[in-house]
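Reviewing the structure listed below.
The values are calculated or read from the model by the stated rules, or taken from the named source; none is laboratory data. Note that the structure is predicted; figures quoted are calculated from it, not measured. Positions of Cβ are backbone-derived with ideal geometry, glycine not excepted, and every protein chain shown enters the neighbour counts.
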Amino acid sequence: MNHWRDSMSETLFPKHMRQAGERELAIEWNDGHASVYDVRALRLRCPCAQCIDEMSGRKLLDDAAVPPDVKPVVINPVGRYAIHIEWTDGHRSGIYTYAQLRGLCACEACTRGSASAR
């Protein structure tokens, strides 16, 4: 048995990603789960070193400094594990791993911690 291939087949990744209205990003995952994200909420959760202190994990980003109408300008894949988003507020250093994105899903099943949703 090839353990590497077995673990790769269990890895979550987006099958489809699309804008779902003016303020939402929709992702359909390879396990069939669907997530819809408020784009400003994603910007506020940026994990980069400009937004989160690398040593302490303390949030550096001032939420009030992010415009209410912020949205992605460009979304590109990063290898086979993440996406990079460039934002209308000029921020360009955030890389969102697929694991982080899935963890940010706010649907009812995910917020309940349902094993079938993860």
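For region 27-45, the condition of being among the polar types (S, T, N, Q), surrounded by 13 or more Cβ atoms within 10 Å (Cβ to Cβ) and on the phi < 0 side of the Ramachandran plot holds for at least one residue.
Considering (1) free of Cβ contacts under 8 Å to residues at least 12 places away in the same chain; (2) surrounded by 12 or more Cβ atoms within 10 Å (Cβ to Cβ); (3) within 18 Å of Glu24 (Cα to Cα), the lone condition that Asn76 does not fulfil carries the number (2). Before we move on, is Ile83 touching a residue at least 60 places away in the same chain (Cβ under 8 Å), under 23 Å from Gln19 (Cβ atoms) and out of contact with any Ser or Thr (no Cβ under 7 Å at 6 or more places or on another chain)? Answer is yes for this residue. Among the residues in region 103-118, are any out of contact with any His (no Cβ under 8 Å at 6 or more places or on another chain), closer than 13 Å to Cys48 by Cβ and either at pLDDT 95 or above or among the small types (Gly, Ala, Ser) (or both)? The answer is no, given that none of the residues of region 103-118 is out of contact with any His (no Cβ under 8 Å at 6 or more places or on another chain), closer than 13 Å to Cys48 by Cβ and either at pLDDT 95 or above or among the small types (Gly, Ala, Ser) (or both). Candidates in region 31-74 are the residues that are basic (Lys, Arg) and under 12 Å from the mean Cα position of the chain (by Cα); of these, the one that is nearest to Gly90 (Cα to Cα) is Arg43.
Of the residues contained in region 19-35, none is found to be of a type in the set (Val, Ile, Thr) and in contact with an Asp or Glu (Cβ under 7 Å, 6 or more places away or on another chain). The conditions of being modelled with pLDDT of 95 or more and surrounded by 13 or more Cβ atoms within 10 Å (Cβ to Cβ) are not met by Arg23.
Close contacts from region 100-113, counting a first residue that is in contact (Cβ under 8 Å) with a residue 12 or more places away in the chain and a second that is of a type in the set (Phe, Trp, Tyr), with Cβ to Cβ under 8 Å and a gap of 6+ residues or different chains, come to Leu101/Tyr37; Arg102/Trp29; Leu104/Tyr37; Cys105/Tyr37; Ala106/Tyr37. One residue stands out among those in region 76-94 that are closer than 15 Å to Leu61 by Cβ and of a type outside the set (D, E, K, R): the one that is modelled with the lowest pLDDT, which is Gly94.
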